[in-house]
Ligand code: SF4
C-alpha cells in the first residue's frame with residue numbers, strides 16, 4: 001500500500017482515508033462547514049454547534065469536491081467507502097444528488113452517508129439519498145423530552161417529525177440502512193428508554209442496529225459513557241441485528257497511525273493545543289485527528305481540559 005501521506009495536494013474538502021470503526025478505510029468528504037448542523041448533541045465530538053440550522057444550502061461547490069476526489073483517487077490507496085459526513089450534518093448540503101451522481105460516474109467505491117436523519121421528512125432529501133449505497137441515520141431517543149435533552153435540535157424539529165421521516169425513508173430506500181443509537185449513561189442507559197427507542201426501530205427495520213456511546217471528549221462534560229458490560233445488557237432489548245461499535249484495528253494501518261500519534265505527542269510537548277491547533281499544525285482534517293486523539297486519551301498518553309467551551313489537549 002502506498003504511504004497515505006505521499007500526495008501533498010492541499011485538500012480542503014476531502015480527508016483520509018481514515019480507519020473507521022464501521023467502514024474500514026473511509027475517505028471522508030466534508031460537505032458542510034464546521035460546525036453546521038440541525039442538532040447540537042451533548043455528546044458531539046466536534047464540540048458545540050455554531051451554526052444550528054435546517055436551511056439547506058450549497059455550502060461547497062460540487063466541482064471543487066469532484067476535482068479533489070479525482071486527485072485523491074489517483075493515489076494507490078485502499079478506500080472501502082467514500083463517506084459524506086464531516087463537520088456537521090451532510091444532508092444540509094443542497095447539492096447532494098449532483099455530488100452523489102458525479103461520484104458514481106468516477107468510481108465503483110461505495111458511497112456512505114452518515115446523517116443524523118433529521119431532514120428525512122423532506123421528500124427532496126429522501127430522493128437525493130436514493131443513489132447512495134449505505135445510509136447510517138441516528139436515533140438516540142424514543143420520545144420528545146429525551147430527544148430535546150440529548151440532540152438539542154433546531155426548534156422546527158419535533159421528535160415525531162424526525163422519527164416519521166426516518167421511517168418513510170426506510171420504506172422507499174433500496175440500499176442498506178444501518179441505524180446508529182448513541183446511548184448515554186444515566187439518560188438512555190435504562191431499559192424503559194431503550195425499549196421506547198426499539199419501538200421506533202421496529203418500524204425502520206434497518207439491516208443493522210449499531211450501538212455507540214461516548215468514547216471521545218464530548219461537547220458537554222455531563223454526557224457520560226455507558227460501561228461495556230451495560231452496553232451488552234442493553235443490546236439484548238433491541239430486536240434485529242445489533243452490534244456494539246468496537247475499536248478499529250487493522251495491522252496494515254498500524255504504522256501510519258503510530259507515526260501520526262507521535263506527531264501529535266510532539267506537538268503537544270511544545271504547548272497545549274485545541275483540535276483546530278492540532279489539525280492546522282499537522283495539516284490534517286479535524287475528523288482524522290479525532291481518531292488519534294481518542295486512542296491517545298484512552299491510553300492516557302494525553303489529557304484534556306475545557307477552557308471557554310474549547311477542549312485543550314496536553315501531555316500528562
Ligand atoms: S448530529 Fe452529529 S455533528 Fe450534529 S451535533 Fe450531533 S453528533 Fe454533532
P(r), alpha carbons of the stretch 14-248 - 10 Å bins starting at zero, rounded %: 8, 34, 39, 17, 3, 0
Rounded to the nearest 0.05, what FRET efficiency is calculated for residue 109 and residue 63 with R0 set to 30 Å and r the Cβ-Cβ distance? 0.95
Residues 128, 144, sorted so that the one with the fewest Cβ neighbours within 10 Å comes first: 144, 128
Order of 172, 231 - criterion: other Cβ atoms within 10 Å of each residue's Cβ, fewest first: 172, 231
Cut-off 10 angstrom, C-alpha nodes, Gaussian network model of the chain. Which of 164, 299, 241 fluctuates the most? 299
State, to one decimal in nm, how far the label point of residue 301 lies from the label point of residue 130, with both points 7 Å from Cα in the Cβ direction. 4.7
What number, in percent, do you get for the relative contact order of the chain if the mean sequence gap of Cα pairs under 8 Å and at least 6 apart is divided by its residue count? 17
Can you compute the helix-only [θ] at 222 nm over the chain? Use -39500 (n - 2.57) per DSSP H run of at least 4 residues, normalise by all residues, nearest 500 deg cm²/dmol. -10500 deg cm²/dmol
Of all alpha-carbon pairs in the stretch 150-192, indicate the percentage at a distance above 14 angstrom. 65
Check: C-alpha center the stretch 200-226 vs C-alpha center the stretch 89-151, spacing in Å is 17
In whole Å, largest first, what are the principal axis extents of the Cα atoms in the stretch 1-130? 40, 30, 25
Relative contact order (percent, whole number), the stretch 39-182, Cα cutoff 8 Å, 6+ residue spacing: 27
Exposure-ranked with fewest Cβ neighbours within 10 Å first, 221, 170 stand as 221, 170
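Values in this text are rule-based calculations from the coordinates and carry no lab data. Just so you know, these numbers come straight off a predicted model, no measurement behind them. When we count neighbours, we look across all protein chains shown, and the Cβ atoms used for this are built from the backbone with ideal geometry, even at glycine.
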